[in-house]
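Taking it in order: structure first as C-alpha cells, then the write-up.
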Amino acid sequence: MPEILPDAPRSDSRRARAMVAASGFVALLALGGWWAGRDLNVVAQPSRPPLGGARLFDQVAAAVAQKYVDSLDANDIYDKAVTGMLQELQDPFTSFLSEERLRRLNEAMSGTYAGIGMQIDIRDGWPVVIETVHGGPSERIGLLSGDRIIEVDKESTRGWERDEVSRAIRGQAGTPVALVVQRGDQRLSFSVLRDKVHLRAVQRVALLQNGVGYIDINVFSAQTATEVALAVDSVVKMGARSLILDLRGNPGGLLEQGVAVAELFLDQGQSVVQLRGRPGTAAQVYADSQPQRWPTLPLSVLIDKSSASASEIVAGALQDHDRAIVLGVTSFGKGSAQNVYPLSSGGALRLTVARWFTPVGRSISRPPEPDPDARPSDDDEVTLPDTIRPRYRTDAGRTVLGGGGITPDVIVGDTLTPLPVQALARAMGKNLAAYRAAIARQAQLQKGRMITPGDPVTRDMLDEVYTEMERRKVAPPRAIFDAAAPWISRSLGYEMARVAFGPDAEFLRRTQDDVPLQRAAQILQAARTPRDVFGNLERRAVSVPATTP
C-alpha cells in the first residue's frame, strides 16, 4: 500500500478547512494503528542494581560487536536495533524508511516521477506497452498499446521483470533513453528524452447510460481534490444528472486530500473526520467551511476490501451525513494517521501519531496485516461479525456500523475469490505469466476479426487458448480450465476489446459485467434528488463473478 509523504502542499482548491482544536502537526494518512507506550522497565536481579536503558543497550551492543560468531559492523548493529525497536511496537505501519523507500514514497504521494510515461506488462517473456500516459514522452514519440519493448539502451529485455524495466527506463529528467520495439512485423527504434510525468489520481471520467456520470479515483496524492473537481465539472457538462465515485482498489494516501474530496460534496459546518492522538491531547477535527459545489447531484460511492485509509474517510463522511449511498463490500479498515520524520541517515521514520474517526464517532480500524506494503488478501483479512460491531446513527437516523471497515449501505460483490478461479491459480502456480501470455496471443489473433468491442468469446477461442498453453507445456488439467471458463472468457473479452479498440472500449465492456457499478447506476437512475437514493434500501448480497487470475 502507498505510504505517506510528510508536509505535503495543501490543495489548490478554494475550499478552506476549519480545524477545531487543531494540534501542531500535519497528520498524513497511512495504514494500521498504534498505541502510545511507556518506557520499558527492566526487572533487575535483587543482588544487582538496575541498569539504565542506555547503559543496558551499550553493554548488549558491545557484546554483540566483540563476541558474536559473525562479525557485524557497528552501523549494522544500530540498524538492527532500530528495526527491532519498531517491531516491538507491534504496529506494522510504523517503520524505518530507507532512502530508496522514501524516494518511492515521495513519487507516489506527489504523483510525479521522471521517466517516459507508460504502463507495461510482461507478455510471453517480453515487456509490452499496455497504455501510454496522456501527454507523456512515450505518447509524444508515438509508442502504441501492444508494442513489445525488445531493447533498452541496446540491452535485450527478454526475461526482464517489470521492476527491471522500470529501473532501466526511469532516470533524471532531460536524459535520453534508447528503445527498440517490435510492432507486428516492424522493428522500430526510438530515442526519447525522459521528462517529469504526472500520474493522474482520476483514472477515468465517463458518462454512462441514462445520465449517470462515473469517476474512478485511483489514489489520494497531492492534486486529487483538484482533479476530482475538474472531473465532476466535466462529466456534468457532458450531461450527467447523477454521479458514481469509484474508490474500489484505492489504497488511500494523503489525509488532507481525502478531506478535500469529501468537502466537495458536503455543506458548510459538516465535519469530515477527527483525529485523536495520545490520551490527554486535544482532538483535531476537520470540518467544511463552504457550501458544496453540486448540492442537487445524487451520489453513490463504490468500495471494496482494498479501499483503505483516505478512501474510507471519504466514504465514511459521505455515509454519516447521508450525502451518498455506499455500495460494494466492507472496506479494509485503516484508521490511523502517520507523520514522516526525516533522519540524518537520509531515510525517514514513519510513525503512527493518531487514530481517526468518522463524523459520528466511528472507528473503522480492524487488526491490520503484518506487512504494511502488502495488498489485502482473503487469507489474512480479519473481519468482525456485524452482531458485535458498535452501531451509530447518521444525520438522518440510519444505522451504520463501526469497527472493521466501512460497511456499505448495499452489499454487492464477492468477498472471496470463486473456487474455480482459486483452483486455476493453484494449478498455474509460477506459470501464471504464461497463461496471461496465451490470453494476450489469442487477443492479438482476434484483432483484425472483431467488429465491435462487445463481440462474444467463442468456445473455439477458449480451445485455442488451452492449445497454446499445451504448446507452452503449462496447461492445467482440462477439467480445471473448463470449470473456470466463464472467468477466462471474460478476461479474454476484455483483452480483445483493448487490443482491437483501445482502453476506453475495454472499460465499456467491463462495465457490462460490473454488478456493483450496474446496481449503483440503477439506483441513481431512479433518483431525482440526493435523498432519493436511500429509498427502499435493502442490504442484501449480490454475487459478482471475480476476474480470472
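Read-outs: derived from the displayed coordinates by stated rules, not from any lab. None of these values were measured; they are calculated from a predicted model. Using ideal geometry, Cβ is built from the backbone for each residue, glycine included, and neighbour counts are taken over all protein chains shown.
Points to keep in mind about this one:
- Equivalent-ellipsoid semi-axes for the stretch 55-95 (Cα gyration tensor, √(5λ), whole Å, largest first): 22, 11, 8.
- Cα centroid of the stretch 388-409 to Cα centroid of the stretch 233-275, whole Å: 20 Å
- Ranking of Met118, Met238 by neighbouring Cβ atoms within 10 Å, starting from the fewest: Met238, Met118.
- Rh (Kirkwood; distinct C-alpha pairs) - the stretch 112-198, Å: 12.6 Å
- Ranked by the mean number of other Cβ atoms within 10 Å of their residues, highest first, the peptides 524-535, 315-326 come out as 315-326, 524-535.
- Considering the stretch 419-513, its Cα convex hull presents a mean projected area of 5.8 nm².
- Projection of the Cα convex hull of the stretch 184-288, averaged over all directions and equal to a quarter of that hull's surface, yields 11.9 nm².
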